[in-house]
Structures are given as C-alpha cells and as structure tokens.
C-alpha cells in the first residue's frame, strides 16, 4: 500500500487546515486503490528542517502540499529538503499559489501541480501513478485534465473523529459554498459560479463542529450571504444550537435585508462574528476593480448591526487600489472608522497570481514585490513614501483599537481635539512606533503624545486610560502614570473586593480624578469585545480627594 502524506503549513498553530482533510476524504471516497494517508500540520514558524523531518518520519511515497501566500516562501526549501532525504518521493502541489503558477512550482522540484479543486483530482492522480501510467505531461496542468468534483451533488465529509478530537480550542473551518457572484479584480474567486453544498449536510457538519472543543468556527465561503434566504436558514439553525461556539462569516454588508438583521440582533452576545469587506469608499476605485456594492447600504447595515451590541464586526479596507490617492484613502479610512466596528483592518493590495489586477498591473503602472505575498510597492496614485505613511498608521491602529486597547482614550482624544481618525493614527504611528514594545511603556508614550493635542485635559485622559488599562490587561503592572498612592490603592481594593465578593490584585482597582472607585472584574469578559468588565462606585466613607491635578 502506497504511503501518502498530506502536508499543511499553516500561518499559526491555532489554525487547522480544511484543505488537507477534504483531500484525505476525497481519497477515501474516490480512489480506486487503498492508500495509507497521513495528515501532517506544521506552521510557518517551524524551521524548514523541522517540517521536512516531520514528513520524512513517515517514509511516504507521495507528499501532497497545499500552497498559499503565507507559506509560499518556505515551500521551495521544504520541497528541496524532501527530495534530498527521500529521492524517490513524488511531490504534488495544489492550492491557490500552485493553481495559477504551475510552471514555477515544477521548476522548484514538484512532480505535479493540480490546479483548482482537488477532492477528485488527487485520488485520480494517485491511481494513475499506482497503475504506473506516470504523471501528466507538463502541458496538461489544467483543471480540465482531471475529473471534476461537484460539491452540490456529492459533498464529502472532512470531519473525522480524529480531527474533531484534535481541535481542542483551535479554529475550525467549514465550507458551505464555493465561488463568488462578484468579479473583484483583486480576488482569485472573481466570477466563479457559486455552488452551494446541500443544506442538510451543512447543518450536520455544523452540529458536529459545535459539539467539538473548538471555540470558533469560521465559514470560508467567499460571500456567505450572497443567497439571503439560505444565509438566513443557516444563521437560524446556528442560533438554535446549544453551544458556546462562536461562528465567523465573511459577508457583503449591503446584501443584508431587515429580516436577517432582525435575526442577528436576537443572537446571544458573542455567538456571531461578521467580517465585511468594504475595500474603498472612493467610487472611481470601486468601479475600476469591478466591485459591485452599494456602499451607502453597506454603511447603513453595519451601523445598525453595531448598535445591536451583540455581534463583533470586522471591516476591511485595501490600500493601493487603482485611482485612490493617499488623500482619498484617508477619506475612506475616516468614513470606515466612523462605523465604530470592533476591528478596522487596513490591508495592502496584493497582486495575486490569477487575479485580473495582477494581469493589469504593468499597464496601470503598479509596482509590487515579486515574492509572496506580492504586496504593492508603489503606483501612480501612491508613492513609496505614501505607503510608508499608511504602514505607520496601520501599526498604530493594529496595536491600539484593533486589539481592543485604549478605546475610551482614543474616543476621548478624537472628540476633544477634533483631529481626524486617520490623522490621529498617522501621528501616533510616527511618534510612537510599536515593534514588540512593552505595553506599559507603549501606554505611557501614548499618554504623553495625546497630552500634546489641543483641548485634551490631563484628568480626563487619565480617567480614560485607567478605565482602558483595567479592561484590557490582566496580571500586568500598571504604567507609572496610572499608579496611585498606597493608601488610595488599599482603599479602592477594599471597596472592589466588597462588591466582587473575593480578593483582587492591587492593580485591579484605582481612584478616578472624580474621586470614584474604579475596578475590574478580571474573571468576566465582555463576550463581544473580549475586554474585562470594568465598574465604578461612588467613594463612600473613604478618600474623596481627586487623585490628579
């Protein structure tokens, strides 16, 4: 029996690979011969030598590898190492990086590249090799060279008992449809016909995962709600389950109807997460990348869902799209920031193999890095200096509000100083870059910078940052700017302990400039934001002198 290793090199340990499990299930379902299949999951943080050794340990005859932008840099050396230690091994590449760049991967030592879907193509290739018919000629590395897989009529189940037991808090992934109805020029799914998996099977798989030890189930559907009625049925089923799992969806915010929004508002806090790609609010850019969306309706729906307070909302912008200058991107950013989503991702254009925008890049004058992830370097609309400015703002955004940090502080500073959101993060990123900086030191520097802005008052800034610090941190010492006198600390801790009914750390309470006691319940988090619950109490029968002057 031939030994087959299916290798996934994930971005993080917490991730699990759906692709290798779907391929394994495909071999079980469609192969004419029996194979000894082993799934190996590694991460990009492991050395190439460690990844190779993990595979070599099983002495495989064939190794199948899924290639993505996050592991593309490592895979050539991994392939080389496998060939050196296993001279007779056959290596098969699949996944987005391989599908649209087959010749490159053949030159890197792969014996075969399977483009597109692999559930039926991989077992057919294994059988061909097992029959000593050889691998396909180089010219035949196209999807129509393989048998097609139809998830609508013959879906397979990748969720084995072994996989469910292995989750243990790691992210689980589920696919209920393939393809996308839209034709965004930067996306590999552009224009693919949407195919929906049978709804009853989808529900069965959701139920399986909801009973596992995973905490988050992420739907990999490119646009989960492109069929509004079907999306409603799946959401309704999820909300009926007795589970503590959180369910994450990528959605088009403008496609939500009031019926679905009403359903979403009924969800338990923290049960649903939504990721809505906005990409840009600049109409000429939206038209240039053929993105069909109603920005006004998307904005309206996001605001309404955010106001519900029970769903974590993540919105995306892409810097570097055609015709959007730095000035126009700042406008897009400020408009997106005003939606009050829990996360605003400032991403940078990646010219992916197989995307229309990569094909147009030379004509448009877009320069990008030739190695994965193929990020933009400059364009006629964004200079390298502009992109550096965006990178600085993104660094500040990522280390503050996107991590749930300094939320009240930023809200107060923006309201008091009247500074625009992008201008604030740009200033913060330039003045206080964070590259592995200690959080206490970072907080101190943010405090100092904010005090330089017009109309920002020391006491109000202090109160906001103390509130933020208590809610976002557990077990870390406060910055010196937030520390209080010993007798105040003892007094506030006693009041906090009386209200909580248990002992607390001294740094879990304090006194605001108003004289109020403030403390954190470090055993309870907000299920939507993930922040600890912070409370205040009037300072009765104790110290009442304002702390700050």
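Is it the case that residue 432 is surrounded by 17 or more Cβ atoms within 10 Å (Cβ to Cβ) and within 28 Å of residue 527 (Cα to Cα)? The answer is no for residue 432. Just to be sure, is residue 210 modelled with pLDDT under 95 and under 27 Å from residue 158 (Cα atoms)? Against the criterion (modelled with pLDDT under 95 and under 27 Å from residue 158 (Cα atoms)), residue 210 does not qualify. When 415, 396 are checked against the criterion of being part of a helix (DSSP H, G or I), outside the structural domain of residue 285 (by TED's automatic domain parsing) and over 25 Å from the mean Cα position of the chain (by Cα), a single residue qualifies: 415.
Among the listed residues 374, 337, identify the single one that is at pLDDT 95 or above, closer than 19 Å to residue 274 by Cα and in contact with a strand residue (DSSP E or B) (Cβ under 9 Å, 6 or more places away or on another chain).
Being at pLDDT 95 or above, closer than 19 Å to residue 274 by Cα and in contact with a strand residue (DSSP E or B) (Cβ under 9 Å, 6 or more places away or on another chain) holds for just one of 374, 337, which is 337.
Being part of a helix (DSSP H, G or I) and under 15 Å from residue 187 (Cβ atoms), is that true of even one residue in segment 362-377? Within segment 362-377, none of the residues are part of a helix (DSSP H, G or I) and under 15 Å from residue 187 (Cβ atoms). Checking 311, 366 one by one, the residue that is crowded, with 18+ Cβ neighbours inside 10 Å, out of contact with any helix residue (DSSP H, G or I) (no Cβ under 6 Å at 6 or more places or on another chain) and either farther than 30 Å from residue 265 by Cα or not assigned by TED's automatic domain parsing to the domain that holds residue 67 (or both) is 366 and no other.
Of the listed requirements (1) in contact with a strand residue (DSSP E or B) (Cβ under 6 Å, 6 or more places away or on another chain); (2) closer than 23 Å to residue 387 by Cα; (3) outside any strand (DSSP E or B), residue 284 misses just one: (1). Restricting segment 103-128 to residues that are surrounded by fewer than 21 Cβ atoms within 10 Å (Cβ to Cβ) and in contact with a strand residue (DSSP E or B) (Cβ under 7 Å, 6 or more places away or on another chain), the residue that is farthest from residue 5 (Cα to Cα) is 106.
Rundown of residues vs (1) out of contact with any helix residue (DSSP H, G or I) (no Cβ under 6 Å at 6 or more places or on another chain); (2) within 30 Å of residue 323 (Cβ to Cβ), yes/no style:
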position: 392; (1), (2): no, yes
position: 412; (1), (2): no, no
position: 428; (1), (2): no, yes
position: 442; (1), (2): yes, no
position: 445; (1), (2): yes, no
position: 451; (1), (2): yes, no
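The values are calculated or read from the model by the stated rules, or taken from the named source; none is laboratory data. Computed from a prediction, not measured in an experiment: that's the story for all the values here. Glycine also receives a Cβ, built like all others from the backbone with ideal geometry; neighbour counts cover every protein chain displayed.
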